[in-house]
Each structure stands twice: as C-alpha cells, then as structure tokens.
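All remarks here apply to the structure that follows.
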C-alpha cells in the first residue's frame, strides 16, 4: 500500500476497522432483527455521519456471518426484496466471546499509547489535547447515561466514585504542572 493510501486509511472515516463493523453488525442483529440497509443507517446515525460503511462492506460481511452460522437470512414480506437477518444460538455464543475481547481492548489501547504519541507532532498537541480530552469526557458520560440503568446501584456508585477519583488526580496533576511552569513563564516574560 502506498504511503498516501496508508495515511488516508488511518484518517478517512470509512477507514474504521472491519472487525469493529463485523462485531457491531452481529450485536445489532442480536438486539433486533434487521436488514443490511438498516445497519448502514444506524451506523451513519450513531456516528453523526462520520462513518457510513458502503454496501460493498456490509453485504459481504452479512454473507460471511450467515456462512459461519451466526445469523440467518429470512426473505422479507411478500414483494419486499430485502432479507431480514436474525441471530442464531451460535451468534449469541460469538457475542459472548467478543465481550472478552472488548473488555481487553481499553487496556490494549493504553499499552499502545506511547507509539501513538510519537505520531503526534508538537504543533498539533493543543488541538489533539483539547479535542481528545473533550471526547473522553463525552464518551464517559455516554457510557454512564446509556448503561447505568442496566448496572446494580452499588456498581453504579463505584463507577462514579472511581471516575471522580481519576478526575481529581488529573486536576491535581494539571495544577502541579502549571505551578511548576509559572517560574519559567515569568522568567521569559521578564526578558
């Protein structure tokens, strides 16, 4: 792959990992039987239009999931040319296995962070930090607001207390760094 194509694959919204799409499709079908076009619309809606996988991605993956026995295709109502996909017991088992992988994905991403940091040029750090931090806070709030009703109250409290503790640690660190920088900034301004 040419260097330009590699860079485009990393930054272009359509360059989301195919594995993520496959896992998402399986989970979406498990939640509610649907057809391929509904999956396209759902992904586009949930990503605010930033990612809309093409039919050339969705339909071959649906065929692959059918071939593996994870889903089955049912012909639509009379006159409808769309297949409605439903989950199978094998598909439910695959989802349970996927959960183990997703539980480790956050830890794996953190392990790769130093490699990622080398790719960010210093002149882009301001934007990266402000957008990245905002994105992390939004993600945490979305996770809490969409999943909390499914979690026992004791676990909810633990999650929120851990979140507060981590925020306080970050605030202490940022204040300490600012305090350490103050003499340097004042020295530069006197010159």
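The values are calculated or read from the model by the stated rules, or taken from the named source; none is laboratory data. As the structure is a prediction and not an experimental result, all values here were calculated from the model. A quick note on method: Cβ atoms are made from the backbone with ideal geometry, for glycine too, and the neighbour counts reach across all protein chains shown.
Any residue at all in segment 107-123 that is in a helix (DSSP H, G or I), surrounded by 12 or more Cβ atoms within 10 Å (Cβ to Cβ) and at pLDDT 85 or above?
No.
Determine the pairs where a residue that is farther than 18 Å from residue 46 by Cβ, located within segment 135-153, has a partner that is surrounded by fewer than 11 Cβ atoms within 10 Å (Cβ to Cβ) and modelled with pLDDT of 90 or more with Cβ atoms under 8 Å apart, the partner being 6 or more residues away or on another chain.
Every condition considered, no pair remains.
Going by what's in this entry, would residue 128 be described as touching a helix residue (DSSP H, G or I) at 6+ places or on another chain (Cβ under 9 Å) and at negative phi?
no
Among 96, 134, which is the only one that is modelled with pLDDT of 85 or more, in a helix (DSSP H, G or I), closer than 15 Å to residue 23 by Cβ and under 22 Å from the mean Cα position of the chain (by Cα)?
Within the list 96, 134, the selection yields 96.
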